[in-house]
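These notes concern the structure reproduced below.
The values are calculated or read from the model by the stated rules, or taken from the named source; none is laboratory data. Please read these numbers as outputs of a predicted model, since none were measured by experiment. Heads up, the Cβs are rebuilt from the backbone with ideal geometry, glycines too, and the neighbour counts pull from every protein chain shown.
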Amino acid sequence: MVLFVLPILWHAPATAQEEQSSITVTDIAGRKVTLKAPVQRILLGEGRQLYLIASLEPKDPLSRIVAWRNDLIQADPGTYAQYLEAFPDLAKLPTFTGQEGSLIDIESTIIRKPDVVLLNLEAMRANEEAQYVDKLASLGIPVLYVDFRHHPLENTERTIRLLGEIMDRKELAEEIIAFRRQAVARVTDVLDTAKPDRPRVFVERIGGYSDDCCLSFGAENFGRYVEVAGGHNIGSDFLPTTFGQINPEQVIVSDPQHVVVTSSDWQAYAPGGHWIPLGPGADPEILRKRLEWYLTRPAYTGTQAQKTRNFHGIWHQFYNSPYEFVAIQQLAKWFHPDLFADLDPDATFAEYHRRFLPIAYKPGYSVSLTAKTP
């Protein structure tokens, strides 16, 4: 059951009310949806949608949000602390619980009367089978599907444009898109010219979230990032879907030259786990110490990555945010350090913060045991 917490006597901060008019847009699921825009009251079906809302409304992102799922609070406590410091009323924002792909709480959604509900694409099946989308539509509450996770290199850009349109931030949306494209081109242009050999890369997904081995990515999401960054994603050889699990013996046979662990501060989910507390402001020495444990994983016994210590940790939330261009730059720097000696992913992310976000940049999103890299 989804629990929706409604604090009493709190209302979203008022925004300068712009006159609304009906517009019809196409969401990431290909649905034609009519709504009143610019939207002022948005319900976030996933808290990490804040990353984009804040990019499009940096002066006061809370002025647009009436409720959100609590996943960002638990999965990305470092970022939550930054936003809480900048916008103390965030602590009063109504929250609801649930997992990726789960139902929203329809009764509480109706109470909040949002102009639009944003749901991630993976929540589509559950909510439409429960007829929640139709029920909300009958009450004049439209639902739009967005995607940062399943096909991020295509759908993130479409999602940015979609939100730019409904929030009346089209020009800013195009600036964000241009920034992202330029950041990725700094990798792909070099690779297209140099055509280096592609190292074999194994991505261990949600390292430390559980003891399972070996969760990984197929040809999408981080699997795709690896390919764009000039590596060969081992998971793509065995997994027909975006997410899956590979037998440890198969990892050994595949003999990765690099191991990339996606992880984060998961104290809320797995106290005492082997997760790496990557995120804004993380202590680099603690990150390295936690990454060292992965060298002892039986799945990496005798691999080239183990022999050369080519083990890297990267912020897991790059898999579900508009920031994957940072991950691509960092992966490229690890895989081809000589080609990308002058590339600085931290500087790229810092510039994005300066231009588009209401919080200051703090490093801590990556760590490596390789001497030439951070």
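Tabulated values for the structure
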| quantity | calculated |
| --- | --- |
| From Ala54, Ala86, residue being crowded, with 23+ Cβ neighbours inside 10 Å and out of contact with any Asp or Glu (no Cβ under 8 Å at 6 or more places or on another chain) | Ala54 |
| Selection within region 177-205 - among the acidic types (Asp, Glu) and surrounded by fewer than 18 Cβ atoms within 10 Å (Cβ to Cβ) | Asp189, Asp192, Asp197 |
| Matching entry among Tyr319, Tyr225 (being of a type in the set (Phe, Trp, Tyr), in contact with a Lys or Arg (Cβ under 7 Å, 6 or more places away or on another chain), buried (at least 22 other Cβ atoms within 10 Å of the Cβ) and farther than 12 Å from Val367 by Cα) | Tyr319 |
| Selected residue (criterion: surrounded by the most Cβ atoms within 10 Å (Cβ to Cβ)) from residues of region 137-153 that are in contact with a strand residue (DSSP E or B) (Cβ under 6 Å, 6 or more places away or on another chain) and farther than 29 Å from Ser216 by Cβ | Val143 |
| Which numbered condition Pro7 fails, given (1) in contact with a strand residue (DSSP E or B) (Cβ under 8 Å, 6 or more places away or on another chain); (2) modelled with pLDDT under 95 | (1) |
| Condition check for Asp134: in contact with a strand residue (DSSP E or B) (Cβ under 8 Å, 6 or more places away or on another chain) and surrounded by fewer than 21 Cβ atoms within 10 Å (Cβ to Cβ) | no |
| Selection count, region 157-176, where residues are surrounded by fewer than 16 Cβ atoms within 10 Å (Cβ to Cβ) and either touching a His at 6+ places or on another chain (Cβ under 6 Å) or among the hydroxyl-bearing types (Ser, Thr, Tyr) (or both) | 0 |
| Some residue of region 75-96 being touching a Lys or Arg at 6+ places or on another chain (Cβ under 6 Å) and at pLDDT below 95 | yes |
| Failed criterion for His316 (all others in (1) modelled with pLDDT under 95; (2) within 16 Å of the chain's Cα centre (by Cα) hold) | (1) |
| Residues that are in contact (Cβ under 8 Å) with a residue 12 or more places away in the chain, outside any strand (DSSP E or B) and not small (Gly, Ala, Ser), drawn from region 65-82 | Asn70, Asp71, Leu72, Ile73, Gln74, Asp76, Pro77, Thr79, Gln82 |
| Condition met for Lys289 (assigned to a helix (DSSP H, G or I), loosely packed, with under 15 Cβ neighbours inside 10 Å and of a type outside the set (A, V, I, L, M)) | yes |
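Listed here are the residues, each with its yes/no results for (1) assigned by TED's automatic domain parsing to the domain that holds Phe311; (2) without any contact (Cβ under 8 Å) to a residue 40 or more places away in the chain.
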{"position": "Thr109", "(1), (2)": "no, no"}
{"position": "Leu119", "(1), (2)": "no, no"}
{"position": "Leu136", "(1), (2)": "no, yes"}
{"position": "Val146", "(1), (2)": "no, no"}
{"position": "Gln182", "(1), (2)": "no, yes"}
{"position": "Arg205", "(1), (2)": "yes, no"}
{"position": "Tyr209", "(1), (2)": "yes, no"}
